Amino acid sequence: MNENTANDILRSKGLAATKQRVAIFLKIEECNCHFTAGELHRMLAEDKFRERVDLATVYRTIKTFERAGLLRCVAEIGSCRYYGRIDNCGFEHPHFYCRKCRRLFCLKTMKLDSKDIENLEKIGFEPQFLLLTVEGLCAQCSEGGHSKNGQDDRTQRSD
Ligand SMILES: [Zn+2]
Ligand SMILES: [Zn+2]
């Protein structure tokens, strides 16, 4: 994605396409997995060709993007929130959080029953998002874990 496309997307959501917002949006586009505000800030800091963005701005921009419907919180661990692009990660799959290495895995094969959500709508409720996170140890971190390909079993894409 280039800057012009990012500009258009931000404007289509009624947001002013400031340089910092565009830089943050492009970085989110590059990152195919979920991220926290801290991780996003680190990724931006490592990119020397991009606009400087401080952590407070990253937090503020995530909130703005969330309200505009560009981002969604996909998991909440303690006070730490993980986000994902809405078109990359719908609310139909849960996540696994490893308490040791703190990685978040998409559990795309575990489908949630959307009927429960439809039933809520039938009685006038307005469900907005669903967070389901299984916590524990990943194959690499659990004792006797027999992960063959280490890093590779981390799910990067959600589509
Ligand atoms: Zn782990
Ligand atoms: Zn996911």
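Computed from the coordinates by the stated procedures, all read-outs in this text should not be read as laboratory data. Please read these numbers as outputs of a predicted model, since none were measured by experiment. Methodologically, a virtual Cβ is constructed for each residue, glycine included, from the backbone with ideal geometry; neighbour enumeration extends over all protein chains shown.
Shown for the stretch 3-153: lysine pairs separated by 8 or more places, or found on different chains, whose C-alpha atoms are under 22 Å apart, numbering 11.
When +1 charges are put on Lys and Arg Cβ atoms and -1 charges on Asp and Glu Cβ atoms, the dipole computed for the stretch 3-153 relative to its Cα centre reaches about 440 debye.
Loop-located chymotrypsin sites (Phe, Trp or Tyr not before Pro) in the stretch 48-82 (DSSP state not H, G, I, E or B) with no more than 15 neighbouring Cβ atoms inside 10 Å: PHE49.
Counting charges near ASN2 (Lys, Arg +1; Asp, Glu -1) among other residues having Cβ under 11 Å from its Cβ returns a value of -3. Using a Förster distance of 22 Å, how high is the FRET efficiency between ARG11 and ARG60, based on the Cβ-Cβ distance and rounded to 0.05? So the FRET efficiency works out to roughly 0.75.
Between THR133 and ARG52, what is the FRET efficiency for a Förster distance of 30 Å, r being their Cβ-Cβ separation, to the nearest 0.05? It comes to 0.35. Sorted fewest first by neighbouring Cβ atoms within 10 angstrom, PHE125, PHE96 come out as PHE125, PHE96.
Compute the Cα gyration tensor for the stretch 3-153, then decide on rounded, prolate or oblate, letting a ≥ b ≥ c be the square roots of its eigenvalues: rounded whenever a/c is under 1.5, prolate when a/b is larger than b/c in the other cases, and oblate in all that remain. It is oblate, given that a/c is not under 1.5 and a/b is not larger than b/c.
Between THR109, LEU131, PHE65, the Cα set farthest toward the positive side of the dipole of the chain (charges on each charged residue's Cβ, about the Cα centre) is that of PHE65. Simple spin-label estimate for ASN32 and ILE77 gives 2.1 nm between the two label positions (7 Å along the Cα-to-Cβ direction from each Cα). Entry note, the chain: the mean residue ellipticity at 222 nm calculated from DSSP H runs of n ≥ 4, each adding -39500 (n - 2.57), is -10000 deg cm²/dmol after division by the residues and rounding to the nearest 500. The residue among SER142, MET43, GLY78 whose Cα reaches farthest toward the positive pole of the charge dipole of the chain, with charges on the beta-carbon of Lys, Arg, Asp and Glu, is MET43.
Springs between Cα atoms under 10 Å define the GNM used for the chain, and in it the highest mean-square fluctuation of CYS101, CYS73, CYS138 occurs at CYS101.
Within the shell defined by Cβ-Cβ distances under 13 Å, the residues around LYS100 carry a net charge of +1, with Lys and Arg each +1 and Asp and Glu each -1. Mean separation of Cα pairs under 8 Å and 6 or more residues apart, divided by the residue count, gives the stretch 3-153 a relative contact order of 16 percent.
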